[in-house]
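See below for the structure under consideration.
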């Protein structure tokens, strides 16, 4: 299922995510959310799950791009001075439990 998620964040705040390549067995060559920083913008929004495939960030498709290029697009959301949110389009193929911080 495709989901578009708006992640509220503070000015210059990172999304607080670690991403990895989806791998050769993936139906869609993109990146996967590997982890989230507790208390970070992505974790606070409570709508992302580890294992979600990220298709685009702020309208920029990440499909088929090298990991380093995808990391740069994610970093651009961190340094956005005027935007107080990031738009993430993701593919959720399986049901995951929602990430919750223990803090």
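Couple of notes before you dig in:
- Selection within segment 28-76 - touching a residue at least 40 places away in the same chain (Cβ under 8 Å) and farther than 18 Å from residue 14 by Cβ: 28, 30, 49, 51, 53, 55
Let's see how each residue does on (1) at positive phi; (2) modelled with pLDDT of 90 or more:
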residue: 59; (1), (2): yes, no
residue: 67; (1), (2): no, yes
residue: 74; (1), (2): no, no
residue: 97; (1), (2): no, no
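- Screening residue 80 with (1) modelled with pLDDT under 90; (2) in contact with a strand residue (DSSP E or B) (Cβ under 7 Å, 6 or more places away or on another chain); (3) part of a loop (DSSP other than H, G, I, E, B) gives one miss only, at (2).
- Selection count, segment 37-66, where residues are surrounded by 18 or more Cβ atoms within 10 Å (Cβ to Cβ) and farther than 16 Å from residue 87 by Cα: 0
The values are calculated or read from the model by the stated rules, or taken from the named source; none is laboratory data. Note that the structure is a prediction, hence the values are computed from the model and not measured. Every residue, glycine among them, receives a Cβ derived from its backbone with ideal geometry; neighbour counts consider all protein chains shown.
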